[in-house]
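First up is the structure itself, then whatever we jot down about it.
The values are calculated or read from the model by the stated rules, or taken from the named source; none is laboratory data. If you're wondering where the values come from, they're calculated on a predicted model, not measured in any experiment. A quick note on method: Cβ atoms are made from the backbone with ideal geometry, for glycine too, and the neighbour counts reach across all protein chains shown. Accessible surface areas use protein heavy atoms only, side chains included; no ligands, DNA or RNA. Shrake-Rupley method; radii C 1.70, N 1.55, O 1.52, S 1.80 Å.
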Amino acid sequence: MRIGFFTDTYFPQVSGVSTSIKTLKNQLESRGHEVYIFTTTDPEADEFEKDIVRMPSVPFVSFKDRRIVVRGLFFAYQIAKELELDIIHTHTEFGSGFLGKLVANRLKIPVVHTYHTMYEDYLHYIANGKVVRPTHVKHFIKMFVNHSSGVICPSQRVVDTMKRYEVDVPMRIIPTGIEVNGFVRPDITKEDTEKLRERLGIHTDQLMILSLSRISYEKNIQVIIKQFPEVLMNLPNARLVVVGKGPYCEELKAMSHELGIDEYVQFAGEVPHDEVACYYHSADYFVSASTSETQGLTYAEAIASGTQCVVEGNDYLNELFDDDSLGVTFEKDGDFSETLVDYIHQQISLDSEVQKAKLLEISADRFGEDVLDFYQELIGSYVKAPSSEKLPKRTVRKVRVRINSLKNNEDK
């Protein structure tokens, strides 16, 4: 099977979406399928990339670290036609996503969509939420998703949102999996974690509380900062490490300073991907108060690393943390500090058997198999309109050469 992924976010841009796309690509290719990425140009991308088609793009309004395709329909169609794609999988509702739908329509093949982002949680970025309203989001998403053959929902929360938006195409709940072996790391030794903690200024008798995510308002890290003085009243040896970068970082630093907890909070910045696992293994607990998650990759990574979690719950997370040895959820923002302190005082040991079973649920292998099953179901039920146009036969090697050739022409 040949699959085309259309996305506005891909490496070298690092995000939950780009990570999940990369994971799925690896899984499908390991099963003998071919995956081609149609995405935005990026000044930091390598000049020659295997099976990646980059289309002219500009930074997205209010998200300067993200980009959006501005042209390239004929370019994308030419490549997709020559590749003789069997299905298109869109991962954005904007530039590349629209192109993916148009290309699928012209090729007369099914198009599946993954709904990654709860946009209602991000409206404050656009004119402080005064222009785009939740009702606008509903109508836009309804229109976009209903022109798909099916939609992948990473959690029940997304299914509920799709139903509220009156989406009526086939839906499949497929939690985004992770490469478990990247976080179950016996090679990360006690010496490694001690060195990292020492670098962060955390002593052996202190608790390392880890927050790891994009640092933006909707991630709700401010709840953790604001309530950390209450945590310190009960656990004076606690230290908070905030890993990540984003537009809300300076506000959080100022908040920490105003609360007089500078010496207890460490902002570590963005961490190279190959070092992330060491941060999980070095931490005593992972925390999050985010209410905007659809798939929660960091929670799965923490579980795989054996780091217990205290996180704000929703339908997906309440099911993920269905055993207290993995961690607990709290109901609302105001419950964070009390829940964290109570959980730490209980000193619940991680149950390795429970963790092992959970790893099967969140594995990339299961993720890839479930997505592939959905593809095959959609292809099998897709009714193709009659067409007299015959697609040219080209070898994959020739197509790859042509991808680079067209890409270079577009860049000129």
- Relative packing of peptides 295-304, 331-340, 74-83 - highest average C-beta neighbours within 10 Å first: 295-304, 74-83, 331-340
- Query: Mind ordering 30-42, 106-118 by average Cβ neighbours within 10 Å, highest first?
  - Reply: 106-118, 30-42
- R0 = 22 Å: FRET efficiency of Lys190 with Asp351, Cβ-based, nearest 0.05? 0.55
- Read phi for every residue in the range 26-42 and hand back ³J(HN,Hα) as whole Hz from Karplus 6.51 cos²θ - 1.76 cosθ + 1.60, θ = phi - 60°, with x for Gly and Pro. 4, 5, 5, 5, 5, 9, x, 8, 10, 10, 10, 9, 9, 8, 7, 5, 8
- Message: Need one word for the range 152-227: rounded, prolate or oblate. Basis is the Cα gyration tensor (sqrt eigenvalues a ≥ b ≥ c); a/c below 1.5 gives rounded, then a/b vs b/c decides.
- Response: oblate
- Query: Looking at this model, which pairs from Lys190/Lys356; Lys22/Lys332; Lys219/Lys358; Lys195/Lys253; Lys138/Lys358; Lys25/Lys356 are more than 30 angstrom apart at the alpha-carbon?
  - Reply: Lys22/Lys332; Lys138/Lys358
- Residue-wise, which Karplus ³J(HN,Hα) couplings in Hz belong to the range 314-328, taking 6.51 cos²θ - 1.76 cosθ + 1.60, θ = phi - 60°, and x for glycine or proline? 8, 4, 5, 6, 4, 7, 4, 9, 8, 9, 4, 6, 8, x, 9
- Residue-span extension gain [Lys108 to Asn26] - 0.36 nm each, minus C-alpha spacing: 26.9 nm
- Item | Cα shape, the range 1-123, gyration tensor, a/c 1.5 rule | rounded
- Task: Enter the accessible area of Glu198 (Å², nearest 10), with the probe set to 1.4 Å and all protein chains included.
- Result: 140
- Query: What ³J(HN,Hα) values, in whole Hz, does the Karplus curve 6.51 cos²θ - 1.76 cosθ + 1.60 give for the range 96-107 when θ = phi - 60°, with x put for Gly and Pro?
  - Reply: 5, x, 5, 4, x, 5, 5, 5, 4, 5, 6, 7
- Query: Out of Phe286, Phe140, Phe367, any idea which swings most in a Gaussian network model of the chain, alpha carbons joined below 10 Å?
  - Reply: Phe140
- Mean Cβ-within-10 Å packing, highest first, puts peptides 188-194, 22-28 in the order 22-28, 188-194
- Build a GNM of the chain with springs between Cα atoms under 10 Å: which of Arg197, Arg185, Arg164 gets the top mean-square fluctuation? Arg164
- Zone residues, the range 206-227, relative to Lys253, backbone N less than 14 Å from point 7 Å out along Cα-to-Cβ: 215
- Query: Candidates (i) 60, 59, 44; (ii) 74, 48, 42; (iii) 62, 61, 49; which is the computed Cα extents along the principal axes in Å?
  - Reply: (ii)
- Note on the structure: Amide H neighbours of Val53 at under 5 Å, excluding residues fewer than 5 places away on the same chain, with H built from the backbone geometry, are Ile37, Phe38, Thr39
- Query: What is the calculated FRET efficiency for Asp46 to Met1, with r their C-beta to C-beta distance and R₀ = 22 Å, to the nearest 0.05?
  - Reply: 0.25
- Task: Mind running the shape call on the range 263-364? Use the C-alpha gyration tensor, a ≥ b ≥ c as the square roots of the eigenvalues: rounded below 1.5 for a/c, prolate if a/b tops b/c, oblate otherwise.
- Result: rounded
- Task: Report the label-to-label distance for Asp274 and Val383 in nanometres (one decimal), using points 7 Å from each Cα along the Cα→Cβ vector.
- Result: 5.3
